[in-house]
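A.B. asks: Take a look at this one; I'll ask things after.
Laboratory data are not the source of any read-out in this text; all were calculated from the coordinates shown. None of these values were measured; they are calculated from a predicted model. Cβ placement follows ideal geometry from the backbone for every residue including glycine, while neighbour counts extend to all protein chains displayed.
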C-alpha cells in the first residue's frame with residue numbers, strides 16, 4: 001500500500017501531509033482533519049488562521065496574517081472545508097479573509113484584504129495599510145491569475161474568469177470576467193445535496 005502511495009505525485013503529497021498534520025494542528029488556530037498544506041513558501045500568523053477539513057493547498061502558498069491583525073481576535077483568515085488551492089497563491093489578511101466551503105482557487109491567484117497607502121514615508125512598506133474584509137462564497141471557482149482585492153465579496157457558486165481583478169461585490173451564481181471583473185453570465189445552483 002505504502003509503495004503505491006509513494007508512486008504518484010499526489011500520493012507523496014498525501015503522505016507528507018499526514019506526517020505534518022500534528023505540527024499544523026499545534027501551530028494553527030485550527031487545522032481540520034485530512035487537510036494538507038504542501039510545501040508553502042511563507043506562513044505568518046498561523047495562530048490566527050483556521051483551516052477546515054479536507055483542504056488541499058499545493059506548493060508555493062503564501063499565507064500571511066499581517067501585523068495590524070495580530071491584535072485581532074483569531075481567526076483572521078478562515079478557510080472552509082473542502083477548499084482546493086492550486087500552486088503559488090497568496091492569501092493575505094490585515095483584517096479578515098473568509099474562504100467558504102468547497103471553493104477552488106486556481107494557480108497564481110492573490111486574495112488580499114489591504115492596500116498600502118502613500119505618505120508620509122517615501123517607502124510604501126512603512127506607511128499604514130487600508131483594510132476591508134474579503135469573502136469568497138461557498139462553491140466558487142476562482143480562475144488562474146485572479147486578484148481579489150480589499151473589500152470584495154464574491155457570492156456563492158460564482159465563477160471568476162482567469163486574469164480578472166475583483167474589486168467590490170459579485171452576486172451569487174455569477175460568471176464574472178475582466179479588469180475590473182464584470183458579470184457576464186450566470187451559473188446554476190448545484191444539483192443535489194451541497
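A.B. asks: Given the -39500 (n - 2.57) contribution per DSSP H run of 4+ residues, what per-residue ellipticity at 222 nm results for the chain, rounded to the nearest 500 deg cm²/dmol?
C.D. replies: Numbers: 2 runs with 24 residues, N = 194.
Taking each H run of at least 4 residues, the total per residue is -4000 deg cm²/dmol.
A.B. asks: Give the relative contact order (percent, whole number) for the stretch 2-186; include only Cα pairs under 8 Å separated by 6+ residues.
C.D. replies: Values: 555 pairs, mean separation 21.9, N = 185.
Result for the stretch 2-186 is 12 percent.
A.B. asks: P(r) for the chain, please, calculated from all Cα pair distances in 5 Å bins and given in %.
C.D. replies: 2, 8, 15, 20, 19, 15, 11, 6, 3, 1, 0, 0, 0
A.B. asks: Something else about it: Which part of the stretch 132-150 falls in the paramagnetic zone of residue 182, meaning amide N under 20 Å from the point 7 Å along Cα-to-beta-carbon?
C.D. replies: Residues 143, 146-149 qualify, since their backbone N sits under 20 Å from the label point.
A.B. asks: Could I ask something else about it? At what distance in angstrom do the alpha carbon centres of the stretch 10-58 and the stretch 88-105 lie from each other?
C.D. replies: 14 Å
A.B. asks: If you don't mind, there's one more thing I want to ask. Considering only 18, 145, 135, give the residue with the highest GNM mean-square fluctuation for the chain, with springs between Cα atoms whenever their separation is below 10 Å.
C.D. replies: The residue that fluctuates most here is 18.
A.B. asks: At residue 21 and residue 169, where each label point lies 7 Å from the Cα along Cα→Cβ, what is the point-to-point distance in nanometres?
C.D. replies: Each label point is offset 7 Å from its Cα along the Cβ direction, giving 3.9 nm.
A.B. asks: A follow-up question, please. Provide the gained length on full extension for the span residue 125 to residue 12, in nm with one decimal, where the gain is 0.36 nm per separating residue minus the Cα-Cα distance. Don't skip to the end; give the middle numbers.
C.D. replies: Numbers: separation 113, 0.36 × 113 = 40.68 nm, distance 3.82 nm.
Contour length minus Cα-Cα distance gives 36.9 nm.
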